[in-house]
Structures are given as C-alpha cells and as structure tokens.
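Enquirer: Sending over a structure as structure tokens; questions will come in a sec.
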C-alpha cells in the first residue's frame with residue numbers, strides 16, 4: 001500500500017533528542033568533554049553576571065553553539081541560528097529542547113561578545129584542550145576550520161609567536 005504524502009499536524013511532540021543522536025556519534029564525546037570543561041568555569045560565569053535582571057542566554061549554551069559554528073564552518077550568527085532552528089543534532093548539542101525558541105542572531109552576538117570580552121571563550125578552549133581525553137581526539141591530519149572564528153575568541157593572543165597567524169597569510 002502506498003504511504004500518504006500528507007503531513008500530520010500533531011498537537012504534541014514526543015521526540016526525545018537524546019534518542020535521536022546515535023550512541024557512537026562523535027559529538028557525544030565532544031559534548032561530554034565540553035560539559036566537563038564548562039563545569040570547571042562555573043565561578044568565572046558567576047563573575048560575569050549580576051544576581052538580578054532578566055536572565056541571559058546560558059553561557060554554556062553559547063559556548064557549545066560557538067563550538068558547532070567552528071566545527072561546521074558556519075560563517076554567521078544568522079546561519080547558526082537558522083541551523084539551530086531546524087537541526088535536531090545541533091539542538092541536542094547546545095542543550096535546546098525541540099520546542100525551545102532559538103535566539104535572535106543579534107541577541108546571540110551581544111551575549112557572545114560578553115564572553116569574548118571577559119576572556120571566557122579563551123579560558124573554555126584552554127580548559128577543553130587541557131583535558132587528557134582530548135589529546136587522543138587531536139591528530140596531525142589536515143582539517144580546516146575558519147581561523148577567523150578561533151581568532152575572534154581571543155585564542156590567537158594566547159598562542160606562542162610561532163603559532164600566530166601573520167597578516168597576509
């Protein structure tokens with residue numbers, strides 16, 4: 001029997017994002033390592049935010065979204081927000097539920113800038129790369145990541161002079 005091409009408009013969604021990501025997906029390991037590094041930065045996060053006012057985007061979600069932006073070569077916050085809106089893997093990695101609203105790109109950028117100015121993004125990458133489990137994930141095989149994203153996080157300033165990009169390269 002031929003299946004129907006009609007879309008059912010379900011009233012409720014029972015999608016479990018955890019079940020939708022296969023057990024051996026590489027992002028599972030990366031998310032576990034990222035979460036451990038983020039837990040180490042909890043005091044740093046507390047210092048950036050006041051105890052009153054409207055809640056901002058959780059810094060953990062911002063930093064996980066920034067990792068996806070670098071890993072997948074997403075060139076803008078608009079594109080990242082669009083991808084977060086429809087990609088279940090991205091939602092799971094960042095920590096958004098299926099029905100959670102995705103942030104406006106300008107809100108994301110403003111909150112991201114707070115993390116960059118507070119050097120939290122650089123501390124996060126340093127903490128992540130310092131984890132012993134990360135060493136086995138790194139290799140000398142060629143892999144391209146948009147270096148401007150990494151530089152924007154302020155990591156370039158933490159590299160020894162021979163590791164920095166020179167203008168014109």
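The values are calculated or read from the model by the stated rules, or taken from the named source; none is laboratory data. Since the model is a prediction, treat every value here as computed from it, not as a measurement. All Cβ positions, even for glycine, are placed from backbone atoms using ideal geometry, and neighbour counts span all protein chains on display.
Enquirer: Answer yes if at least one residue in region 47-56 is assigned to a helix (DSSP H, G or I), touching a helix residue (DSSP H, G or I) at 6+ places or on another chain (Cβ under 6 Å) and either touching a residue at least 12 places away in the same chain (Cβ under 8 Å) or surrounded by 13 or more Cβ atoms within 10 Å (Cβ to Cβ) (or both), and no otherwise. Before the answer, list the steps.
Expert: Filtering region 47-56 for residues assigned to a helix (DSSP H, G or I) gives 47-48.
With touching a helix residue (DSSP H, G or I) at 6+ places or on another chain (Cβ under 6 Å) added as a condition, the list becomes none.
No: region 47-56 contains no residue that is assigned to a helix (DSSP H, G or I), touching a helix residue (DSSP H, G or I) at 6+ places or on another chain (Cβ under 6 Å) and either touching a residue at least 12 places away in the same chain (Cβ under 8 Å) or surrounded by 13 or more Cβ atoms within 10 Å (Cβ to Cβ) (or both).
Enquirer: So, one more: Counting only residues that are closer than 21 Å to residue 85 by Cβ and touching a helix residue (DSSP H, G or I) at 6+ places or on another chain (Cβ under 7 Å), which one in region 19-33 is surrounded by the fewest Cβ atoms within 10 Å (Cβ to Cβ)?
Expert: Filtering region 19-33 down to residues closer than 21 Å to residue 85 by Cβ leaves 19-21, 25, 27, 31.
Filter once more, so that each one left must be touching a helix residue (DSSP H, G or I) at 6+ places or on another chain (Cβ under 7 Å): 20-21, 27, 31.
Values: 20: 13, 21: 17, 27: 18, 31: 18.
For region 19-33, the residue satisfying everything is 20.
Enquirer: What is the number of the single condition among (1) assigned to a loop (DSSP other than H, G, I, E, B); (2) at pLDDT 90 or above; (3) in contact with a helix residue (DSSP H, G or I) (Cβ under 8 Å, 6 or more places away or on another chain); (4) under 27 Å from residue 131 (Cβ atoms) that residue 103 does not meet?
Expert: Result: residue 103 fails condition (4) only.
Enquirer: Checking residue 93 against (1) in a loop (DSSP other than H, G, I, E, B); (2) within 15 Å of the chain's Cα centre (by Cα); (3) modelled with pLDDT of 90 or more, which single condition isn't satisfied?
Expert: Unmet for residue 93, out of (1) in a loop (DSSP other than H, G, I, E, B); (2) within 15 Å of the chain's Cα centre (by Cα); (3) modelled with pLDDT of 90 or more: (1).
Enquirer: Further question: Of the numbered conditions (1) surrounded by fewer than 19 Cβ atoms within 10 Å (Cβ to Cβ); (2) in contact with a helix residue (DSSP H, G or I) (Cβ under 7 Å, 6 or more places away or on another chain); (3) farther than 27 Å from residue 22 by Cβ, residue 98 satisfies every one except a single condition; which is it?
Expert: Failing condition for residue 98: (3).
Enquirer: Next question. Quick one: is residue 12 at pLDDT below 90, exposed (fewer than 10 other Cβ atoms within 10 Å of the Cβ) and out of contact with any helix residue (DSSP H, G or I) (no Cβ under 7 Å at 6 or more places or on another chain)? Walk me through how you get there before you give the answer.
Expert: Details: at pLDDT below 90: yes; exposed (fewer than 10 other Cβ atoms within 10 Å of the Cβ): yes; out of contact with any helix residue (DSSP H, G or I) (no Cβ under 7 Å at 6 or more places or on another chain): yes.
Yes.
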